[in-house]
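A short worksheet on the structure shown next.
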């Protein structure tokens, strides 16, 4: 029996990226370490400006790191960038399809760039179109496609050359919830068919639940990394959210009478406590503040982000339009 240890798909040590700026350089990425095992779906979660896109650009050889090292599919992203590029697929946040070409022509152009033979290109184009349920639209121009169809075609394009690692930068941003769910169905099917590693950045907490492991990034640093369930278990408390007619007084009374620190997040007074259902009656009897509404929730990834950064992603980014959106760039 072989004792060979499988090499990680992505390995990052001390990675930084600085840009010149004013009196001091701007640190977009501040010395992060990552290890993504082959075959995993790995989520990079964080608000705008956290450094997620800069990190993915360094891993995909679009930008050079200021310091540190990164290896993708076993190759150094600076010294062996050609080898890295041959082994990765990349779906950008912004749409990059040629609107005038058909779906098949977009895929064939990509296959030609990667040097696939005509026979291999025909086979791969057929496979990926079937995978994203666009076989019957292969000869239609992309300009006739909906936003969800375009995103599915971009994922197909990123898979044509059979990469070892697929990078998805905000793959469902701007899509409606139903289309977002469908995209993740395709990604799940992809994982079942192949051993590909998927590295995805996202603003959506519910999408992060699909990942095998998650790294939460904030201000250029990875603040915590683990499985979704382990991260939620690490919080170990319920979250109570109140709407009151005097938030400042409510916060002061919660500190004084319950011995718990509270804050205002997303327009509500929030506090983390064990056994939240048992605490709610005390809020009504001990605060002497008019409570308009109260909710109790079990730990979620929102609570994980709040626990480790001191705010929610929505607080970080401000209010944004769009149902179900956590944020937009």
Point to revise | the chain, relative contact order in percent, only Cα pairs under 8 angstrom and at least six apart counted | key: 19 percent
Point to revise | Relative contact order (percent, whole number), the stretch 131-269, Cα cutoff 8 Å, 6+ residue spacing | key: 15 percent
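If you restrict to DSSP beta bridges whose two residues both lie in the chain, what percentage is antiparallel, to the nearest 5?
Just about 65 percent of them are antiparallel.
What does the helix-only formula give at 222 nm for the chain: each DSSP H stretch with n ≥ 4 adding -39500 (n - 2.57), the total divided by the residues, and the result rounded to the nearest 500 deg cm²/dmol?
Result for the chain: -10000 deg cm²/dmol, rounded to the nearest 500.
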Review point. Just 284, 109, 75 to compare: in a GNM of the chain, with alpha carbon springs under 10 Å, which one fluctuates most?
Key: 284
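What FRET efficiency comes out for the pair residue 139/residue 195, r = Cβ-Cβ distance, R0 = 22 Å, nearest 0.05? Display every interim value, and only then the final one.
Details: r = 31 Å, r/R0 = 1.42.
It comes to 0.10.
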Exercise for review: Pull out a ≥ b ≥ c, the square roots of the eigenvalues of the alpha-carbon gyration tensor of the stretch 133-208, then state rounded if a/c is under 1.5, prolate if not and a/b is larger than b/c, and oblate in the remaining case.
Suggested key: oblate
**Study point:** Ranked 143, 249, criterion: other C-beta atoms within 10 Å, fewest first
**Key:** 143, 249
Check your understanding: Taking the simple approach of a point 7 Å from Cα along Cα-to-Cβ for both residue 127 and residue 264, what is their distance in nm?
Key -> 5.6 nm
Exercise for review: Consider the candidate values (i) 73, 44, 37; (ii) 78, 48, 37; (iii) 76, 55, 44; state which one is Cα extents along the principal axes in Å computed from the structure displayed.
Suggested key: (iii)
Review point. How far is it, in nm, from the label point at residue 101 to the one at residue 245 when both lie 7 Å from their Cα along the line to the Cβ?
Key: 6.4 nm
Practice item. Express in nm, to one decimal, how much length is gained between residue 227 and residue 293 on full extension, taking 0.36 nm for each residue of separation and deducting their alpha carbon distance. Key: 20.5 nm
Review point. Which order results if 247, 112, 23, 218 are arranged by neighbouring Cβ count within 10 Å, fewest first?
Key: 23, 112, 247, 218
Review point. By counting other Cβ atoms within 10 Å of each Cβ, how are 124, 255 ranked from fewest to most?
Key: 255, 124
Check your understanding: If you find the alpha carbon centre of the stretch 1-71 and of the stretch 95-118, how far apart are they in angstrom?
Key -> 29 Å
**Study point:** Relative contact order %, the stretch 237-298, counting alpha carbon pairs below 8 Å whose residues are six or more apart
**Key:** 52 percent
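Bear in mind these aren't lab numbers, they're just calculated from the coordinates by the rules spelled out. Everything quoted here is computed from the prediction, not taken from an experiment. Using ideal geometry, Cβ is built from the backbone for each residue, glycine included, and neighbour counts are taken over all protein chains shown.
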